[in-house]
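Below is one structure, written out as structure tokens; the observations come after it.
The values are calculated or read from the model by the stated rules, or taken from the named source; none is laboratory data. Keep in mind the model is a prediction, meaning the values are calculated, not measured. Counting neighbours? That spans all protein chains shown, and the Cβs are built from the backbone with ideal geometry, glycine included. Note: areas computed on protein heavy atoms with side chains; ligands, DNA, RNA excluded. Shrake-Rupley method; radii C 1.70, N 1.55, O 1.52, S 1.80 Å.
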Amino acid sequence: SSARFSDNGERIATVSADRTAGLFDGTSLRPIARLQLDEEPLAHALSHDGSRLVITTGTHGRETHTELWDALGGRRIARWPGLSRTAPPGPFSSDGQRLVVGRQRTVTALPGAGSVASTRPDFGSTF
């Protein structure tokens with residue numbers, strides 16, 4: 001199990017090995033949403049305002065998925081296979097509409113609308 005505050009402290013996101021995620025009010029600890037995941041969560045990140053949650057799911061050492069959730073509405077917006085096997089989801093942009101996930105020298109920007117834009121920057125080494 002793991003928990004994270006949103007940057008503004010208004011929300012707390014939790015993930016658990018029982019394939020659930022939760023969103024709570026950061027002050028009262030009142031539950032806001034409970035999310036049912038298809039696989040075990042490996043890592044997660046919460047947008048600055050706590051409205052979006054990204055979760056890497058799967059099994060350690062096997063194929064993973066990156067899932068983007070509307071945390072307040074409790075619905076999955078998008079699910080992408082294999083975007084991040086070893087690195088946790090990266091930070092959200094300051095407006096909460098974009099997210100960066102890296103894998104094998106590929107940087108993937110995940111716009112909030114759910115489409116994927118990738119680039120293969122030349123960093124000179126694998127990261």
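For residue 77 and residue 36, what does the FRET efficiency come to when R0 = 22 Å and r is the distance between their Cβ atoms, rounded to the nearest 0.05?
0.90
Report in % the part of the accessible area of the range 14-84 that belongs to carbon and sulfur, leaving out ligands and nucleic acids; probe 1.4 Å. Present the calculation step by step, with values, prior to reporting the outcome.
Numbers: 1540 of 3270 Å².
On the range 14-84, the fraction of accessible area on carbon and sulfur atoms equals 47 percent.
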